[in-house]
Amino acid sequence: MLGQIEALKEKLEKFTSSGTDPVGDRAAMEAFLELRLALEAGLVRAAEPDPTTATGWRVNAWVKQGILLGFRLGQLKSFAAGLSFIDKDTFPARQFSPDQGIRIVPGGSSVRAGAYLARGVVAMPPMYVNVGAYVDEGALIDSHALVGSCAQIGKRVHLSAAAQIGGVLEPVNASPVILEDDVLVGGNCGVYEGAIVRSRAVLAAGTVLARGTPVYDVVRGEVLRAEGDMPLIIPEGAVVVPGARAVTKGKAKDWNLSVYTPVIVKYRDEKTELSLTLEELLR
């Protein structure tokens, strides 16, 4: 299998770096379709765990390049099955069967071709999973939630209603948004610009994480920021809530204005059962 993946990588890199136009090239289309199938099977990922890196994750730029190749190769097409839509013919909506063990509850949900959903995933309507995303076993994607392009969602992650997990397809070497195992994302949350949320962390309803937003950890007395090549990283087990900090300069100070900031107010106890404390954590 590793040999097949390496051969696929070499083929895609040839078509994406040769400088020639791949449109109309049958071999390029075959290479892209092979990538799409591998993404849907979970055999390749836009990013994957790697303990040797600073973040614990490795970005597979060649996978992103292959996805972008699919957009170049595709032509607009009208799709009438299920939800009627018009998109590149290289990215139709995925179809599932009962033997895959995935629940797609009726009501307007859509999963784009090239996205992976593992056994036990539950998708409540209407939600959307974009190309290159990886959603691991037992995850729940609730109503009006978005899993953006190449986002990585761990095992048993709960994305509550209207949660937005941003996608990062370009630049190809940039880390996508990553939610590790057992993360709980409350309603109307937003995680963007390559932020990494470590395992068992909890984002209370309305929390927004982005590269330019500092996170104040009142438990450990630290301010967490994205710096250089390092994205914003929420520590394991952190409980993050929406907060505010006073503006101390100029008219904003005179007017007693404040700006939004996420705040870590506690850390989950290893012995704490999430099922018993969920309401308390998000209150």
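Can you tell me which condition Q4 does not meet? The list is (1) in a helix (DSSP H, G or I); (2) within 24 Å of G167 (Cβ to Cβ), and all the others hold.
Single failed check for Q4: (2).
Count, please, the residues in the range 63-81 that happen to be surrounded by fewer than 16 Cβ atoms within 10 Å (Cβ to Cβ), in a loop (DSSP other than H, G, I, E, B) and either touching a Lys or Arg at 6+ places or on another chain (Cβ under 6 Å) or free of Cβ contacts under 8 Å to residues at least 12 places away in the same chain (or both).
Number of matching residues: 1.
Before we move on, is V147 touching a residue at least 24 places away in the same chain (Cβ under 8 Å) and more than 30 Å from F32 (Cβ to Cβ)?
No: the conditions fail for V147.
Does the range 179-209 hold any residues that are within 22 Å of A244 (Cα to Cα), within 12 Å of the chain's Cα centre (by Cα) and surrounded by fewer than 24 Cβ atoms within 10 Å (Cβ to Cβ), and which are they?
Within the range 179-209, G190, Y192, E193 meet the criteria.
In this structure, is A174 of a type in the set (A, V, I, L, M), farther than 14 Å from V59 by Cα and assigned to a loop (DSSP other than H, G, I, E, B)?
no
Any residue in the range 84-102 that is closer than 15 Å to G74 by Cα and in contact (Cβ under 8 Å) with a residue 12 or more places away in the chain sitting within a Cβ distance under 7 Å of a residue that is surrounded by 13 or more Cβ atoms within 10 Å (Cβ to Cβ) and β-branched (V, I, T)? List the pairs, counting only those 6 or more apart or interchain.
Once the first residue is closer than 15 Å to G74 by Cα and in contact (Cβ under 8 Å) with a residue 12 or more places away in the chain and sits in the range 84-102, its partners that are surrounded by 13 or more Cβ atoms within 10 Å (Cβ to Cβ) and β-branched (V, I, T) give F91/V131; A93/V111.
Quick check on my filter: what residues within the range 45-56 are buried (at least 20 other Cβ atoms within 10 Å of the Cβ) and either assigned to a strand (DSSP E or B) or modelled with pLDDT under 95 (or both)?
A47
Hey, does the range 162-181 have a residue that's among the charged types (D, E, K, R), in contact (Cβ under 8 Å) with a residue 12 or more places away in the chain and touching an Asp or Glu at 6+ places or on another chain (Cβ under 7 Å)?
no
When only residues in the range 15-44 that are loosely packed, with under 15 Cβ neighbours inside 10 Å, over 21 Å from V135 (Cβ atoms) and small (G, A, S) count, which is modelled with the highest pLDDT?
Of everything passing the filter in the range 15-44, A27 is modelled with the highest pLDDT.
Would you pick out the residues in the range 151-163 that are surrounded by fewer than 19 Cβ atoms within 10 Å (Cβ to Cβ) and touching a strand residue (DSSP E or B) at 6+ places or on another chain (Cβ under 9 Å)?
R156, A162
Looking only at the range 201-212, decide whether some residue is in contact with a His (Cβ under 9 Å, 6 or more places away or on another chain), more than 24 Å from I67 (Cα to Cα) and not in a loop (DSSP other than H, G, I, E, B).
No.
If we keep just the residues of the range 247-266 that are over 24 Å from V185 (Cβ atoms) and surrounded by 11 or more Cβ atoms within 10 Å (Cβ to Cβ), which is nearest to the chain's Cα centre (by Cα)?
That would be S258.
The values are calculated or read from the model by the stated rules, or taken from the named source; none is laboratory data. From a predicted model like this one, the values you see are computed outputs, not experimental measurements. Virtual Cβ from ideal backbone geometry, glycine too; neighbours counted across all protein chains shown.
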